[in-house]
Amino acid sequence: MRLKHLFMMLVAIIATTSCIDNMHPKENKKKAEEVTETATDFKFWTWMTADASRTDESYTTEFKKYSDNGIDAVLINTNADADLLGRLTPLAVNEGLEVHAWMFTMNRPGDSIAMQHPEWYVVNRNGESSFETRPYVDYYQFLCPTRKESREHVLGLIDKMSKVEGVTSFHLDYIRFPDVFLPIGLLPKYDLVQDEELAEYDFCYCDACIAKFEEEHHKNPLESHNTAIDMEWKQFRLNQIKAVVDDAYKIVHENGKLLTGAVFPYPEMADHMVRQRWDKWNIDVVLPMIYNNFYNEEIDWIGFATRQGVKDLEGSDTELHTGIYVPEMSPEQLKEAINQAKDNGAKGAAFFDGNALTDEQLAVIKSFKSE
Ligand SMILES: [Zn+2]
């Protein structure tokens, strides 16, 4: 934890000194104070997916629209394309935006290297691999966090993407197992009832996981009469994801960057639904996707889930910024959602996604910056 402090201080010092380098010495002190003050403001982010065929001009227009409306940071998904991220980063930075390298981490749909290794994929309790039997949707192709080769592949991608010049963080997404339980609001869409942990959505029973678990606990989960109440088996899987995150943290910090991640609404919910216990991770910023409509919840639930996560992170150095799903929100609801996040201890809010933000919603975001 001390190292983390040191790193954050260094980042702050570098940011401050690089700003004051070209200034008159007398102005240095004043400017440094202003920089520190700005850094503590409530921060706005947006997720966005890049398309290599678009022109630089069209991206500059998009980035300018965000920065003109109070957005501070963009999380850009380039599908692990470092060249594309390298092309877009200076355009965004020129418009005053921070850039975060957003990447699907354990879920790697269409990953051409991974696809050559069917054994790298997670296996469910029925023995089916997500290489060919994909849970829920065709793009669910999760890699095993335990197997040496698959985790090294993922960490290699993280290293590559976090080396891109000018990015502030590497942003983990799908850093988890497939959903054991889908969000309740999505169940009707899949015509599903999930009253218990169903074998076809319960992963990872691959050879590498079973062997490592047997070595540690001297039992085989496949022989358990009820895997849902085998706490060592659940903890093992939480730990395997944490181990990938903690290794990612070391890698991105060695590359001089921060680690951020999109996670489930609050730690115990994330644990229950997708085997993700993010309050125990080494990570600089978490952006829980507190998408109330996915869970048939109202706007005030955004406040509840934010507060829960903030409390669970007490004593750690991890910041929480609330993720908000904007497509089904009126401008008034968006304002209320941001206030719920702000009043309950979040340091910022991230919007999913940039494309969906309407002019009216952008005006709401902007109004927070002129308060
Ligand atoms: Zn496995």
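The values are calculated or read from the model by the stated rules, or taken from the named source; none is laboratory data. Since the structure is predicted, the reported quantities are computational estimates derived from the model, not experimental observations. FYI the Cβ positions are ideal-geometry reconstructions off the backbone, even for glycines, and counts take in every protein chain you see.
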Handout entry: Enumeration of residues in region 49-72 that are surrounded by fewer than 23 Cβ atoms within 10 Å (Cβ to Cβ) and in contact (Cβ under 8 Å) with a residue 60 or more places away in the chain
Key = T49, E62, K65, D68, N69, G70, D72
Fill in the blank from the handout: Counted residues in region 148-180 being away from the ligand (no atom under 16 Å from the Cβ), small (G, A, S) and outside any loop (DSSP other than H, G, I, E, B) come to 3
Handout entry: Answer residue from region 133-155, given it is closer than 21 Å to A199 by Cβ and modelled with pLDDT under 95 and is surrounded by the most Cβ atoms within 10 Å (Cβ to Cβ) among those
Key = P135
Practice task
Select, from E360, E332, E371, the only residue that is acidic (D, E) and under 22 Å from D41 (Cβ atoms).
Solution key: E371
Practice task
Would you mind finding the one in D279, D317 that is at negative phi, out of contact with any strand residue (DSSP E or B) (no Cβ under 7 Å at 6 or more places or on another chain), surrounded by fewer than 22 Cβ atoms within 10 Å (Cβ to Cβ) and among the acidic types (D, E)?
Solution key: D317
Exercise for the section: May I ask you to say which residue of P183, P145 is within 11 Å of the ligand (Cβ to nearest atom), in contact (Cβ under 8 Å) with a residue 24 or more places away in the chain and under 22 Å from V274 (Cα atoms)? Expected result: P145
Practice task
Using the structure shown, decide if K311 is within 20 Å of Y66 (Cα to Cα) and basic (K, R).
Solution key: no
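Residue by residue, here is whether (1) assigned by TED's automatic domain parsing to the domain that holds F294; (2) within 25 Å of I76 (Cβ to Cβ); (3) in contact with a strand residue (DSSP E or B) (Cβ under 8 Å, 6 or more places away or on another chain) holds:
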site: S130; (1), (2), (3): yes, no, yes
site: V154; (1), (2), (3): yes, yes, yes
site: S169; (1), (2), (3): yes, yes, yes
site: P188; (1), (2), (3): yes, no, no
Practice task
Could you tell me whether any residue of region 206-215 is surrounded by fewer than 18 Cβ atoms within 10 Å (Cβ to Cβ), more than 16 Å from the ligand (Cβ to nearest atom) and assigned to a helix (DSSP H, G or I)?
Solution key: no
Exercise for the section: Identify the residue in region 222-237 that is within 14 Å of the ligand (Cβ to nearest atom) and without any contact (Cβ under 8 Å) to a residue 40 or more places away in the chain and, among all such residues, is nearest to K280 (Cα to Cα). Expected result: F236
Exercise for the section: Would you kindly identify the helices (runs of 4 or more DSSP H) lying entirely within region 1-112 that contain at least 2 residues that are modelled with pLDDT of 95 or more? Expected result: 56-68, 82-94
Handout entry: Residue identified as within 14 Å of the ligand (Cβ to nearest atom) and of a type in the set (G, A, S) among G110, G86, G96, G127
Key = G127
Exercise for the section: Please name all residue pairs, on different chains or six or more residues apart, with Cβ atoms under 6 Å, provided the first residue is in region 201-218 and is closer than 13 Å to Q240 by Cα and the second residue is assigned to a helix (DSSP H, G or I) and more than 9 Å from the ligand (Cβ to nearest atom). Expected result: F213/F236
Problem - Filtered residues of region 238-255 (kept if β-branched (V, I, T), touching a helix residue (DSSP H, G or I) at 6+ places or on another chain (Cβ under 7 Å) and within 16 Å of the ligand (Cβ to nearest atom)) - result: V244
